[in-house]
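Throughout, read-outs are computed from the coordinates displayed, never taken from laboratory work. Since the structure is predicted, the reported quantities are computational estimates derived from the model, not experimental observations. A quick note on method: Cβ atoms are made from the backbone with ideal geometry, for glycine too, and the neighbour counts reach across all protein chains shown.
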Protein chains: 2
Amino acid sequence: MSQGNDSQTIEKILHVAEEHFAVHGFFASSLRQITRDAEVNVAAVHYHFGSKEALFVAVLNRRIVPFVQSVLCGLAQIQATKQVLLAEDVVDSFVHACFELIQSEDRNAALFSKLVSRLMLDEYRQFRELLAAQNENLATSLLAAFGQILPDLPPQAVRWRMHLTLSTLFNAFAGNDVLKALAPATVVNAKDPLQVARYVKPFVVAGLKAPI
Amino acid sequence: MSQGNDSQTIEKILHVAEEHFAVHGFFASSLRQITRDAEVNVAAVHYHFGSKEALFVAVLNRRIVPFVQSVLCGLAQIQATKQVLLAEDVVDSFVHACFELIQSEDRNAALFSKLVSRLMLDEYRQFRELLAAQNENLATSLLAAFGQILPDLPPQAVRWRMHLTLSTLFNAFAGNDVLKALAPATVVNAKDPLQVARYVKPFVVAGLKAPI
DNA sequence: GTCTATAAGCAGATAGAC
DNA sequence: GTCTATCTGCTTATAGAC
């Protein structure tokens, strides 16, 4: 019990760092700005986490475990009550997991999608390896589920449908907006998760069930 | 005619900078690395472009103008021969424009999708404004085209379908791969544009035509 | 137009007092 | 566990010789 109020410090750092990493990315975020906003000392990051990279991994790991569990639980529940798994079911369990993050008390939990979008885009190899190690379960279970809902497609096509579905969902919930880059006048409200869910669900479900 | 071989220098800088910005992002790229790889002097960037930000804008502008023209020409051609515009037509004209970049002599042209993906994700406000000014034509024409192929949907839903379609297409051609982040074993070959086109086209066409 | 040298600042990381 | 002070290195940008 030799610790002081370090858990507060750790939480404050994780909270602010998550925001900075999600909004500005890993390289554009600086520990100095993060610790200033979190109102902790600069040295605290190195004391508690060891390095900037280790802090980034900690930020990701805090969200990914509950997220994966949420998706897998949702899938298991549906599979227990239904005999035939539908495309809608898989998409719903994923969307539901996103909403659990969004409606969490910790409002920054909603930034998880944006962090995952960054992992897709950037060349964070060292981080990917860490994540991949933790998520073989999710990928295996999801792939099995996608195989069930698309029994007529060859394995390669099933993987592509899964890839496109997850990319589209993560990017949609990340609140990214192409139209904003192309023409601000025609913008949609990509930041509102209720809107996102309403419009993205029919889109990916239809994409999943598309004929070959 | 007082210029020496400056056009070569400018081209070399643009070429290497595009690669660095697309792969590592704006902030993680440094002018020193870019000029080292381009085998030009560090000061050349400031002499020819003025600043790192101005270089980034120049890199984007070099691709966006021909891309927009390509999409709009494709659309106009289809509209000239057909009376009824289909979802497939709009997707095809977009995919075709991506392929023109990919099959260009300048192999780095293919990185354009990755750059746009970054613009969606990152908070490059100053760059967005510059791009938006140049692309009102594209957005207006595309929105009209999407309205034609989805006559039964309310305007809000049409904007969302367009948003989801363009996001999915740009991200797909960017070669990003969620599965790689989640589980390397189940990976698809997201870097091969032929594969991308083959699997993304039916996906987004079905998403576009989804019932409400 | 190209180059060197240098300015001015911020980054991550660490040592050591308290 | 917290803090200050500092080290080392890299960044963008510029001034001025050639």
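Out of (1) away from DNA strand C (no atom under 16 Å from the Cβ); (2) away from chain A (no Cβ under 14 Å); (3) farther than 30 Å from B:Gly147 by Cα, what's the single condition that is false for B:Ala76?
(3)
Would you call A:Thr81 more than 14 Å from chain B (Cβ to nearest Cβ), away from DNA strand C (no atom under 16 Å from the Cβ) and either β-branched (Val, Ile, Thr) or buried (at least 18 other Cβ atoms within 10 Å of the Cβ) (or both)? Let's see the steps before the verdict.
Numbers: more than 14 Å from chain B (Cβ to nearest Cβ): yes; away from DNA strand C (no atom under 16 Å from the Cβ): yes; either β-branched (Val, Ile, Thr) or buried (at least 18 other Cβ atoms within 10 Å of the Cβ) (or both): yes.
Yes: the conditions hold for A:Thr81.
Listed residues B:Val95, B:Val42; which is closer than 30 Å to A:Ala210 by Cα and of a type in the set (A, V, I, L, M)? Don't jump to the end; show me each part of the working.
Working: B:Val42 fails: closer than 30 Å to A:Ala210 by Cα.
Of the residues listed, the single one that is closer than 30 Å to A:Ala210 by Cα and of a type in the set (A, V, I, L, M) is B:Val95.
May I ask you to list pairs of residues, at least six apart or on different chains, whose Cβ atoms are under 7 Å apart, with the first in the stretch A:28-42 being on the phi < 0 side of the Ramachandran plot and the second being near DNA strand C (Cβ under 9 Å from one of its atoms) and hydroxyl-bearing (Ser, Thr, Tyr)?
Pairs found: A:Asn41/A:Thr35; A:Val42/A:Thr35.
How many residues, within the stretch B:43-59, are within 11 Å of DNA strand C (Cβ to nearest atom) and touching a residue at least 40 places away in the same chain (Cβ under 8 Å)?
Of the residues in the stretch B:43-59, 1 are within 11 Å of DNA strand C (Cβ to nearest atom) and touching a residue at least 40 places away in the same chain (Cβ under 8 Å).
For the stretch A:37-57, does any single residue satisfy the condition of being among the polar types (S, T, N, Q) and either surrounded by 17 or more Cβ atoms within 10 Å (Cβ to Cβ) or touching a strand residue (DSSP E or B) at 6+ places or on another chain (Cβ under 8 Å) (or both)? Quick ask: steps written out before the conclusion?
From the stretch A:37-57, those among the polar types (S, T, N, Q) are A:41, A:51; that's our starting set.
If we keep only those that are either surrounded by 17 or more Cβ atoms within 10 Å (Cβ to Cβ) or touching a strand residue (DSSP E or B) at 6+ places or on another chain (Cβ under 8 Å) (or both) too, we end up with none.
No, every residue in the stretch A:37-57 fails to be among the polar types (S, T, N, Q) and either surrounded by 17 or more Cβ atoms within 10 Å (Cβ to Cβ) or touching a strand residue (DSSP E or B) at 6+ places or on another chain (Cβ under 8 Å) (or both).
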